[in-house]
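Working notes, structure below.
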Amino acid sequence: MAKMKQVVLRAHPRGNPVPQDFAVEEVDIPSPGPGEILVRTIWLSLDPLIRFALDEKPLTGIARVGLGDPVYGGTVSKVVESNHPDYAVGDMVEVRSGWREYAVVEPAKQVMNFRKLDPAMKPLSAALGLLGMPGQTAHAAVIEIGRVAAGETVIISAAAGAVGSFAGQIAKMLGARVIGIAGGPAKCKALIDLSFDACVDYKAPDFEAKLAAAVPDKIDVYLDNVGGDVSMKVLPHLKHGARMPIIGFISYYGDGMEAPGPDKLPGFLRFVMSRGLEVRGFPGAMTAGPKALVELADWLASGKIRNVEAVVDGLENAPAAFAGKFGSNDHIGKLLVRVGEE
Ligand SMILES: NC(=O)c1ccc[n+]([C@@H]2O[C@H](COP(=O)([O-])OP(=O)(O)OC[C@H]3O[C@@H](n4cnc5c(N)ncnc54)[C@H](OP(=O)(O)O)[C@@H]3O)[C@@H](O)[C@H]2O)c1
């Protein structure tokens, strides 16, 4: 029987994930049953939130990855066998089929992140980035939740990541002054090259001074991907009534919700109350909806925004690429693993 590679969870991460938490194994390529399709993975998305699924006791609402289970994740895949009338061999789909080279999928059971892709989408990998969930999340953060207007000052944490780099470009397109926060001078330079007005390196010893200098008139909208220390340092620079869409809180993902203190909640709530902050969480794809995908595609086609992505080759390199997301990589934009050729 023909074999394929898959990445399974070897150990529940303690703190930020490391490559040794995962193992690459060879298994038989599965066969599709009635109503099912067999897909071959081309692009694999490594989303930070998967970190929660790797915990022994994940947060409520997150499907758990058990020891020895393949890690789940969104992919762009090609249908290579079909027992379903709506899917033909050669069709391209976005599907949450996981960190593996092939997967059997039952279309009738897919509730989210499943769609047939238009083969004209260029590049197809954008279905996992700008023209998919991260793009919708950036759209929702800037437009539906952040309500960014021309002339406002917008600051974005994890600005060099997928959502941050897309959100910054959208805010800039709307006429805002956009400041990124990212780790290291290379990422900051890349964001300026992309269209950001300024970028502050949160790993530099003079972060707080540089941050204050970058926002002399204070901040109207803080798009927060990170939480923790970075956000505590941004809060004093927010205007009264500033909007603060909570996109994510990656600085906590490694520790989990029950990490030992110090408890930052009182300090955070003090700012929420005294500055009259409008703090709002949201599910990006649902908030922005399919209409946002049409707009994003238009902006991409007309050159108003760019699809920024970084590619790591080979499924076996997915664990190290995933581990690097937690503060030690040098990628800009959406990080993808190229598992197979289109
Ligand atoms: N609400 C939603 O529906 C939704 C949808 C998608 C994503 N999200 C969330 O949005 C956030 C960004 O997602 P993404 O896909 O854009 O992520 P991404 O492309 O993986 O980028 C994440 C970046 O976060 C930075 N980072 C990691 N740990 C950090 C820390 N302790 N302090 C400061 N920065 C840190 C790193 O960049 P540096 O090198 O700059 O540190 C890393 O590259 C995540 O929190 C994710 O869970 C939410």
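Any residue in the stretch 233-240 that is in a loop (DSSP other than H, G, I, E, B) and under 21 Å from Val163 (Cβ atoms)?
Checking the stretch 233-240: not a single residue is in a loop (DSSP other than H, G, I, E, B) and under 21 Å from Val163 (Cβ atoms).
For the stretch 305-315, which positions are out of contact with any Gly (no Cβ under 7 Å at 6 or more places or on another chain) and surrounded by 15 or more Cβ atoms within 10 Å (Cβ to Cβ)?
Residues of the stretch 305-315 that are out of contact with any Gly (no Cβ under 7 Å at 6 or more places or on another chain), as a first pass: 305-306, 311-315.
Answer for the stretch 305-315, where residues must be out of contact with any Gly (no Cβ under 7 Å at 6 or more places or on another chain) and surrounded by 15 or more Cβ atoms within 10 Å (Cβ to Cβ): Ile305, Arg306, Val312, Leu315.
Return the pair list, or none, for Cβ contacts closer than 6 Å from residues in the stretch 243-254 that are closer than 21 Å to Thr153 by Cα to residues that are within 6 Å of the ligand (Cβ to nearest atom) and assigned to a loop (DSSP other than H, G, I, E, B), at least 6 apart or on different chains.
Ile247/Asn225; Gly248/Asn225
Filter the stretch 261-315 for residues that are among the aliphatic types (A, V, I, L, M) and in contact with a Lys or Arg (Cβ under 6 Å, 6 or more places away or on another chain); which is nearest to the ligand (Cβ to nearest atom)?
My answer is Val311.
Condition (residue is farther than 22 Å from Ala126 by Cβ and loosely packed, with under 15 Cβ neighbours inside 10 Å) applied to the stretch 240-251: is it met by at least one residue?
Yes; the residues of the stretch 240-251 include at least one that is farther than 22 Å from Ala126 by Cβ and loosely packed, with under 15 Cβ neighbours inside 10 Å.
Collect the residues in the stretch 150-170 that are without any contact (Cβ under 8 Å) to a residue 40 or more places away in the chain and either closer than 15 Å to Pro245 by Cα or under 14 Å from the mean Cα position of the chain (by Cα) (or both), keeping them in residue-number order.
First, the residues of the stretch 150-170 that are without any contact (Cβ under 8 Å) to a residue 40 or more places away in the chain: 150-151, 168.
Selection gives Gly168 alone.
Please find, among Gly324, Gly333, Gly254, the residue that is within 24 Å of Leu54 (Cα to Cα) and buried (at least 21 other Cβ atoms within 10 Å of the Cβ).
It is Gly333.
Throughout, read-outs are computed from the coordinates displayed, never taken from laboratory work. Please read these numbers as outputs of a predicted model, since none were measured by experiment. No Cβ is skipped: glycine too gets one built from the backbone with ideal geometry, and neighbour counts run over all protein chains shown.
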